[in-house]
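The next block holds one structure in the form of structure tokens; read it before the comments.
The values are calculated or read from the model by the stated rules, or taken from the named source; none is laboratory data. All values derive from a computational prediction rather than experimental measurement. Cβ sites come from the backbone with ideal geometry, for glycine too, and all protein chains shown count toward neighbours. Ligands, DNA and RNA are excluded from the accessible area calculation, which covers all protein heavy atoms including side chains. Shrake-Rupley method; radii C 1.70, N 1.55, O 1.52, S 1.80 Å.
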Amino acid sequence: MPLKFQLFILAAPVLLFSMVAHEYAHGYAAKQQGDPTAYQLGRLTWNPLKHIDPFLTVILPLMTWFLGNFLFGGAKPVPVVPRNYRNYKRGDIIVSLAGIATNLVLAVIATVAIVLVGLLGRAVPEIAESCAILQVMLTLGMVFNVILAYFNLLPIPPLDGSHVMKYLLPPAWAVQYQNLGRFGLLILLLLFTVGGRAFGMLLYPAYHLMGLAIRLTFPFIIPSQTVPNPFLGLA
């Protein structure tokens, strides 16, 4: 089986879980702030089928992986009604940042788990190869969650970061700024396709953080005989 396809089989469920966790966090935070919309519509669930968007969750990851040599996507946005928040501004900010915070927590958990799995694999050689493959998945999880967190912080409507940025602008500017959300997907696609080096530079802080995590876990990595870890070159 080609290595690229092997990695996709390992990466796809990890990315899906990370995206579902992001959207679940939005729905849960909204409910805590007084908006039960996601819960009432059955979207406050870990069932991935409820969060799948044909383009964001299926087509985009396939395109980016097999045509662009990286994997990226998104889940169907959880519906929220901000006017239901007990405090509109505070609720909007909390709900918007909840997904980002969840991805950062998952990135930390994945990093710690890489170390623990490495120690387990060395202590029990019989399961070393299984541990090595699990470490590949955990490394992918760390990378995906750092990228998802940082990417959603970008102040491009309708990304989560824009819900914080709009409160830093004068009201008239904030309205025009939010109207850019109609073109948000097009802007993001242009960044992906023609942004090239500029987009890579924009994501440099995320790459730096990933590199730091990989260097910290590198001494605990168990080499796999079947699926090499694609990120060890960053160590």
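Here are a few things to note about the model shown:
- Any chance L71 is in a helix (DSSP H, G or I), closer than 30 Å to S130 by Cα and open to solvent by less than 40 Å² (accessible area, probe 1.4 Å): no
- For region 202-219, a residue qualifies if it is more than 19 Å from Y150 (Cα to Cα) and surrounded by 17 or more Cβ atoms within 10 Å (Cβ to Cβ), and exactly one does: T217.
- Contacts under 7 angstrom Cβ, first residue in region 113-139 being of a type in the set (D, E), partner assigned to a helix (DSSP H, G or I), 6 or more apart: none
- Odd one out for P158, checked against (1) touching a residue at least 12 places away in the same chain (Cβ under 8 Å); (2) assigned to a helix (DSSP H, G or I): (2)
- Every pair of residues 6+ apart whose Cβ atoms lie under 6 Å, when the first sits in region 13-24 and is small (G, A, S) while the second is at pLDDT 95 or above and open to solvent by less than 10 Å² (accessible area, probe 1.4 Å): S18/N145
- Identity of the residue in region 49-67, open to solvent by 50 Å² or more (accessible area, probe 1.4 Å) and in contact with a helix residue (DSSP H, G or I) (Cβ under 8 Å, 6 or more places away or on another chain), that ends up nearest to P79 (Cα to Cα): I52
- Considering residues of region 83-129 that are part of a helix (DSSP H, G or I), open to solvent by less than 80 Å² (accessible area, probe 1.4 Å) and hydroxyl-bearing (S, T, Y) only, the residue farthest from S162 (Cα to Cα): T111
- Scope region 161-191; condition in a helix (DSSP H, G or I) and open to solvent by less than 50 Å² (accessible area, probe 1.4 Å); matching residues: S162, V164, K166, A174, Y177, G181, G184, L188, L191
- Residues that are among the small types (G, A, S) and modelled with pLDDT under 85 within region 157-186 comprise G181, G184, listed in sequence order.
Yes/no matrix, rows are residues, columns are (1) at pLDDT 95 or above; (2) under 28 Å from S130 (Cβ atoms); (3) open to solvent by 20 Å² or more (accessible area, probe 1.4 Å):
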{"position": "I9", "(1), (2), (3)": "no, yes, yes"}
{"position": "A12", "(1), (2), (3)": "no, yes, yes"}
{"position": "S18", "(1), (2), (3)": "yes, yes, no"}
{"position": "A25", "(1), (2), (3)": "yes, no, no"}
{"position": "A30", "(1), (2), (3)": "yes, no, no"}
{"position": "Q33", "(1), (2), (3)": "yes, no, yes"}
{"position": "P36", "(1), (2), (3)": "yes, no, yes"}
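- Within region 3-12, if we keep just the residues that are among the aliphatic types (A, V, I, L, M) and in contact (Cβ under 8 Å) with a residue 40 or more places away in the chain, the residue that is farthest from V80 (Cα to Cα) turns out to be L3.
- Among the criteria (1) closer than 24 Å to P77 by Cβ; (2) touching a Leu at 6+ places or on another chain (Cβ under 8 Å), the one V105 does not fulfil is (2).
- Yes/no for I147 being among the β-branched types (V, I, T), crowded, with 20+ Cβ neighbours inside 10 Å and either touching a strand residue (DSSP E or B) at 6+ places or on another chain (Cβ under 8 Å) or within 30 Å of Q178 (Cβ to Cβ) (or both): yes
- Taking every residue in region 203-221 that is charged (D, E, K, R) and pairing it with any residue that is open to solvent by less than 80 Å² (accessible area, probe 1.4 Å), at least 6 positions away or on another chain, the pairs with Cβ-Cβ distances below 6 Å are R215/A235.
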